[in-house]
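See below for the structure under consideration.
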């Protein structure tokens, strides 16, 4: 089901890039599919004691309502936000729905195994995409390759008009940085799990599987926090490289913040912002 929701969302996001009058409705359907996907994933994230993404799913409902509202008005910044999502899906789709995904996973597995050996933690393959060490197995899936983060950040960079120099610089800032640091992240998580570095608080970190607590803290907590810091740092770099992108982010944040304040009764609804046609 989840794969079909991603496909549904991706088709309409990519259709949004077409210069047709109905593109705003394609954007609405794309965002709707993404929100449905987040809710469909909630049972999985609960099964691994990850509460961040279920929270994101809940928060995505008002986000969807506000986004549909401003897409209908063809608000410039929300249209640009949807362009960013569409470009991200355009980059991600070949890896999600073709053999390119398995190829990328195999490349990452090989490089992670090499790094583990280099750091003095030799491991072996349990399956083509699964490493095993000290009896603990870790499966490398597409989400472990960094392609989602790369696609998202390249999509963000594509939200506004840029020069060729800015495009090349943004690519070099995003792709090698995320890819290399993601390899290090995978390596660190595997070491922490197979060495049982964090066997703490099993009542909140355990799932009944022996040793899972170390994976929980390494993967669901520390790695997620570090990834967040990394993405913020890359976003800051993109804002410095592309000043219009910084203005886009600032105005978009203000737009949604005003909606939240208006919804909670803390501020009157501001004047309608300019549309893409203005």
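So residue 79 fits all but one of (1) modelled with pLDDT under 95; (2) touching a strand residue (DSSP E or B) at 6+ places or on another chain (Cβ under 9 Å); what number is the exception? The single condition residue 79 does not satisfy is (1).
Among the residues of the stretch 44-68, those identified as touching a residue at least 40 places away in the same chain (Cβ under 8 Å) and assigned to a loop (DSSP other than H, G, I, E, B) are 48, 49, 50. A Cβ distance below 9 Å, combined with a sequence gap of six or more or placement on separate chains, defines the contacts here; from the stretch 9-22, residues that are under 14 Å from residue 71 (Cβ atoms) reach residues that are at pLDDT below 95 and in a loop (DSSP other than H, G, I, E, B) in the pairs 15/22. Evaluated against (1) more than 18 Å from the chain's Cα centre (by Cα); (2) within 19 Å of residue 156 (Cα to Cα); (3) surrounded by 21 or more Cβ atoms within 10 Å (Cβ to Cβ), residue 112 falls short on exactly one condition, (2).
Where helices (runs of 4 or more DSSP H) sit wholly within the stretch 130-209, those with at least 1 residues that are out of contact with any helix residue (DSSP H, G or I) (no Cβ under 8 Å at 6 or more places or on another chain) and modelled with pLDDT under 95 occupy 164-194, 202-205.
The values are calculated or read from the model by the stated rules, or taken from the named source; none is laboratory data. Every value quoted in this text rests on a predicted model; they were computed, and no experiment measured them. When we count neighbours, we look across all protein chains shown, and the Cβ atoms used for this are built from the backbone with ideal geometry, even at glycine.
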